[in-house]
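Okay, so here's the structure we're looking at.
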Amino acid sequence: MVRRQAATAEPIRFIDERTGAAPFARRMLRYLFPDHWSFLLGEVALYAFVVLVGTGIYLTLFFEPSLADTVYTGVYGPLQGRTMSEAYRSALDISFEVDAGLLMRQTHHWAADVFVAAIVLHLLRIFFTGAFRKPRELTYLIGVVMLFAALLEGYLGYSMVDDLLSGMGLAIGNGVALSVPVIGGDLALLLWGGAYPGDPTFESRMYIAHVLLFPALLATLIGLHLALVASRHHTQFRRLRAQTDRRLVGVPTFPGQAPRSLGLMFAVAAVLFALGGLVQINPIWLWGPYELALSTNGAQPDWYLGWLIGGLRLMPGFDVTIGGYTLIPNPFWGGVLFPAIVMVVLLGFPWIERRLTGDRSIHNVLDRPRDAPARTGFGLAFLSWVFLIFVAGSADRATVFLGLDYAGQIAFYRVAVWVVPALVFFIARAACRALQRAEELEREQHAAETEGRLVGR
């Protein structure tokens, strides 16, 4: 037994003497992780990104990023003999002829949806518990930038296929780019290389951005985010009355966190591959190749772009025109200004709250939503504002499936997006304050009962 232990220790000693890794490894094994399910949302996003990269690498082996015309002669009968781009033809071949191609393409698409959803849920947890406060403002900012980078990456992903859905999405994007005051025309020419649908090399540039630039950006942001989380340590919920900002609780890397995290990684991958194999998503063969003169209500963008579609639909026909020149076209309000407001509010909120509350202290213990009534009220109001605009983006679907009048829906949402958030703010703040008063009354009653028992003795 002693001889076996010595044989095992020798290679460890050899590596440590030449790298000095033992102290680092010891610290990593003793690092404490939070022991609460809500902290796993960030890990779900991380593992969805891993699946995205793996399936994306497989898809790049077969996808042809070219808008050159070709005639489809593949196995899908309804499109045989149709003229289409090489990009769309290769996407059809991946779906019907490449081994495991449809599984990989649908898993990739589901992973993108789950990646964005996990980031959004993680951001909500961060916001409503106050985890963005000092000293974690930079960690929070990186997370918000990561969310918007993921949205743009997803938009590029489904736009490369050159089916009717992606063509319509790119046409909307081109209109939004053109609406930017002063520089809109030059910006659209820079991105598309010419008047829409642009230069044929646009597909290659979009492909490089999707498979190289944005994945590298997201990987860098994830690495910085994790490094800052590790350096500042995690926040934690107040479970003990004596718990303070100076006391760290959690489970060690091994044997606590590592097996749990590995199990979550395999579970996330299994669920995503099950969705990719069993649940259809974005059936591009039904949309057909993109043609400028065609459009359809049957094609909808991914859910995470619904709020942008809603913003474009809710804005009335209003242009800023001076001297016969349109300075600010209508798409600017819903396609540029609205997402810019959302992004600025999210990025600036840590400093907005600090200015309003005067709180400049370090926080490692999280708030419950009821502990910050104003923040909770504003957060729910802001969320309801964006959510209603998101729902408005599906007004055409409600017309098709439920027979609701489209114009009536838009008129309703134009009023609701201002009235509902205001009501949500006051109701949520009042509910938080009521819960606080109830807790204070309960503590007072408990203290009085304790004092009465002591006096009785």
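Any read-out appearing in this document is the output of simple, stated calculations on the displayed coordinates, not a laboratory observation. Source: prediction; values computed, not measured. In this analysis, Cβ positions are derived from the backbone assuming ideal geometry, glycine residues included, and neighbour counts consider all displayed protein chains.
Annotation: amide H of I328 within the under-5 Å range of V320, sequence separation 5 or more or interchain, hydrogens built in the peptide plane. Around the amide H of V251, modelled in the peptide plane, lie the amide H atoms of F33, D35, all under 5 Å away and 5 or more residues distant in sequence or on another chain.
The alpha carbons of the stretch 150-247 give a radius of gyration and a Dmax of 20.9, 65 Å, in that order. Close amide H partners of R238, meaning residues 5 or more places away or on another chain with modelled amide H under 5 Å apart, are L366. Going by neighbour counts of Cβ atoms within 10 Å, the residues R414, R437 line up, fewest first, as R437, R414.
The angle separating the long axis of helix 86-96 from the principal Cα axis of greatest extent in the chain is about 60 degrees.
Take every DSSP beta bridge with both residues inside the chain and express the antiparallel ones as a percent of the total, to the nearest 5.
Details: 9 of 10 bridges.
Around 90 percent of the beta bridges assigned by DSSP in the chain are antiparallel ones.
Of the residues I352, I410, the one with the fewest other Cβ atoms within 10 Å heads the list, and the complete ranking is I352, I410. 3J(HN,Hα) couplings calculated from phi for the stretch 407-424 with the Karplus curve 6.51 cos²θ - 1.76 cosθ + 1.60 (θ = phi - 60°) are, in sequence order, 4, x, 4, 4, 4, 5, 5, 5, 8, 5, 5, 9, 6, 4, x, 4, 4, 4 Hz; Gly and Pro show x.
Using only the alpha-carbon atoms, how far is helix 164-178 inclined from the longest principal axis of the chain? Give it as 0 to 90 degrees, nearest 10. So the inclination is approximately 80 degrees. Annotation: the stretch 275-410 has a Kirkwood hydrodynamic radius of 18.8 angstrom, from the mean reciprocal C-alpha pair distance. Scaling the Cα radius of gyration of the stretch 381-457 by the globular reference 2.2 N^0.38 Å produces a ratio of 2.04. Here, P(r) means the percent of Cα pairs in each 20 Å bin from 0 to the largest distance; for the chain it is 19, 48, 27, 6, 1. Per residue, the convex hull around the alpha carbon atoms of the stretch 336-390 comes to 96 Å³.
Sort the following peptides by mean Cβ neighbour count (other Cβ atoms within 10 Å, averaged over residues), highest first: 396-404, 113-121.
Values: 396-404: 12.3, 113-121: 20.0.
The densest-packed peptide leads the list: 113-121, 396-404.
If you wrap the tightest convex hull around every Cα atom of the stretch 39-195 and split its volume per residue, you get 144 Å³. Selection among G288, I57, V75 by position relative to the dipole of the stretch 37-347 gives I57 as farthest towards the positive end (Cβ unit charges, Cα centre).
Quick check on the stretch 266-329: take the gyration tensor over C-alpha atoms, sort the square-rooted eigenvalues as a ≥ b ≥ c, and tell me if it's rounded (a/c under 1.5), prolate or oblate. Because a/c hits 1.5 or more and a/b exceeds b/c, the stretch 266-329 counts as prolate.
Can you put H36, H234 in order, fewest other beta carbons within 10 Å first? If you can, show how the numbers build up before the last one.
Numbers: H36 15, H234 21.
In increasing order of surrounding Cβ atoms, one gets H36, H234.
Entry note, the chain: relative contact order of 20 percent, from Cα contacts under 8 Å with a spacing of 6+ residues. Sorted from greatest to least, the principal axis extents spanned by the alpha carbons of the stretch 363-421 come out as 50, 20, 13 Å.
Only Cα pairs under 8 Å and at least 6 apart count here; give the relative contact order of the stretch 106-240 as a rounded whole percent.
Values: 71 pairs, mean separation 35.3, N = 135.
Once divided by the residue count of the stretch 106-240, the mean separation gives 26 percent.
Dipole magnitude for the chain: about 2620 debye, using +1 per Lys or Arg Cβ and -1 per Asp or Glu Cβ, origin at the Cα centre. Packing order of peptides 272-279, 381-388, highest average first: 381-388, 272-279 (average count of other Cβ atoms within 10 Å over each peptide's residues).
Given a cut-off of under 8 Å on Cα pairs at least six residues apart, what relative contact order in percent is computed for the stretch 368-457?
On the way: 62 pairs, mean separation 38.6, N = 90.
Taking the mean separation of contacting Cα pairs over the length of the stretch 368-457, I get 43 percent.
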